[in-house]
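The values are calculated or read from the model by the stated rules, or taken from the named source; none is laboratory data. This is a predicted model, so every value here is computed, not measured. We place every Cβ from the backbone using ideal geometry, glycine too, and count neighbours over all the protein chains shown. Surface accessibility is based on the protein's heavy atoms, side chains included, excluding ligands, DNA and RNA. Shrake-Rupley method; radii C 1.70, N 1.55, O 1.52, S 1.80 Å.
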Amino acid sequence: MRFTSVMRVAKRRMTPILTAQRPIKSLALSVYFKQPDFGMKDYEILSRASCFLLGIDPPEENQKDGPYAHLEASQRQRELKQYKSQHKYSPAGGAGRNIMELGWLEFVPRELRPQVHVVCSSHVLSPFLWNDYYPQNWLKQVRQEHVAYSLEVYDSTKPQESLAKLALNAQPFHHPEGRDIALVHFKEEQASLKILTGLGVEILHLRHADKLYEKGEQMIFDGYVVSEPNATDSSTFDKKQSSSAAVDNDVRIFYPYTETGTLSMHTQDRFFASTPEPLPEGLCGAPVLDVDHDLCGTVEGIVPVTHKNERLAGSAAFLPSYVMKHFVDYVERGLLEQMMPRELFEMVVTAKKTNSIGGGVFKADDKGTFTGESSWEEAYDIALKFLKSKYSSEEVDSILTAVNREREEVLNIMDKEGGDIDDVVKRVRLKTMEMRELVRDQYRQEKSKEEVMDQQQQS
């Protein structure tokens with residue numbers, strides 16, 4: 001499609017936007033670079049495309065409509081405000097779930113980790129890693145330390161004016177198997193999210209795994225077209241003219257672009273959707289939504305119109321939500337491992353595998369893979385191994401002696417009196433705690449006497 005045609009289509013796509021306000025679902029991503037070996041003194045545009053925000057915490061439960069819905073919402077806000085006034089960290093969000101269903105970063109308070117991922121295309125964020133896409137020799141001299149990232153919010157009625165421009169960390173996370181997707185995060189997330197949400201930018205969430213895809217299902221593509229080609233499209237880089245293309249002189253414009261399509265074909269890890277016209281390249285990294293506005297995937301590319309398979313020619317290719325989910329889990333697990341002490345991180349891994357804090361009575365093979373429930377003897381060995389890693393041999397012997405004594409006492413009571421075993425165990429344990437407290441009191445008294453005698457001797 002000619003670029004002028006793309007611009008006309010983009011403007012047509014904007015027409016419904018002019019009549020009513022709508023949440024902003026995609027953002028404009030800019031990649032800058034400054035390679036000193038090129039004689040560059042300022043950052044210049046390397047590439048531009050679309051991106052979006054993906055929530056780390058699950059969405060809040062849908063609230064019921066009704067005549068008192070506003071009162072209930074106000075009550076929830078008051079309760080949350082009261083909670084925050086009494087606690088340092090925010091409570092966990094979303095509906096109640098099992099431990100193994102929690103995201104990796106949900107084991108850390110929101111204030112201590114990212115709350116959103118910025119999702120984009122890997123070939124846009126780091127084009128120098130994609131030699132098959134960009135074989136230019138000059139681009140091979142650009143490295144990660146030479147780039148900087150930002151995203152912008154645009155008013156669809158005035159695309160030449162950026163409402164906000166926010167900096168991103170230049171530490172992207174790329175797919176370990178080379179899929180065209182990457183995650184990056186804000187430099188100042190709290191302030192950035194406050195600005196973005198105030199402008200109506202939505203934080204998207206992955207479509208639920210139980211919601212199956214169907215052939216012919218309508219998909220919505222929401223992103224941006226850029227008014228000029230990227231620097232990565234050039235076969236050469238003109239060092240002499242580099243100063244004229246500095247960031248402050250960049251006059252290119254992002255045009256909002258929305259298109260609908262239908263699911264037509266799929267492979268195991270890629271979906272294809274047919275659209276009335278092939279999507280422009282600026283939509284790489286854009287979100288793909290269903291009619292309920294759930295996130296179905298991210299645009300990976302456009303099949304060439306000259307493709308030998310006529311059914312695929314011109315189709316939009318995107319990574320489906322379940323592929324994204326595996327990648328997000330991979331990144332979040334790595335982030336959590338960096339944040340937590342090793343021992344605490346391993347406890348989280350065990351909790352997610354076994355759906356219980358501490359692992360319960362599950363057994364693991366030599367590789368640490370949990371294979372099923374263990375016998376009581378195996379569970380005893382697991383507990384004993386844990387005790388030995390925490391306490392001295394004398395302390396472990398003392399604990400085991402107390403446990404054996406309690407077990408024998410429980411069996412004796414059951415033989416003589418009968419009753420509910422849980423009640424008997426509770427009764428014996430209470431007796432042990434009373435005895436332990438008595439011993440501690442005696443120890444403190446003896447210790448106090450010794451201290452008094454020492455003071456008298458010193459005086």
Normalised alpha carbon radius of gyration of region 275-347 [divisor 2.2 N^0.38 Å]: 1.58
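Sort 195, 181 from largest to smallest accessible area, using a 1.4 Å probe on the heavy atoms of the protein chains.
Correct descending sequence by accessible area is 195, 181.
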Share of carbon and sulfur in the accessible heavy-atom surface of region 306-353 [1.4 Å probe, %]: 54 percent
Segment residue 346-residue 129, length gained on full extension (0.36 nm per residue, minus Cα span): 74.8 nm
Separation of the residue 305 and residue 270 label points, Cα + 7 Å toward Cβ, nm: 2.0 nm
Cα convex hull of region 74-151, projected area averaged across orientations, nm²: 9.1 nm²
Cβ-Cβ FRET estimate between residue 395 and residue 417, R0 fixed at 45 Å, reported to 0.05: 0.90
Added length on full extension, which subtracts the Cα-Cα distance from 0.36 nm per residue, residue 410 to residue 312: 28.1 nm
Residue-normalised accessible area of region 23-174, expressed per residue, 1.4 Å probe, Å²: 52 Å²
Region 260-344: GluC sites (Glu not before Pro) falling in loop per DSSP and having at most 10 other Cβ within 10 Å: 310
Residue 262 accessible area, 1.4 Å probe, all protein chains in place, Å² to nearest 10: 50 Å²
Using a Förster distance of 41 Å, the FRET efficiency for residue 41-residue 197 (Cβ separation, nearest 0.05): 0.70
Modelled FRET efficiency - R0 45 Å, residue 353 with residue 187, Cβ distances, 0.05 increments: 0.85
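For region 93-176, what % of the accessible area comes from carbon and sulfur atoms, probe 1.4 Å?
On region 93-176, the fraction of accessible area on carbon and sulfur atoms equals 47 percent.
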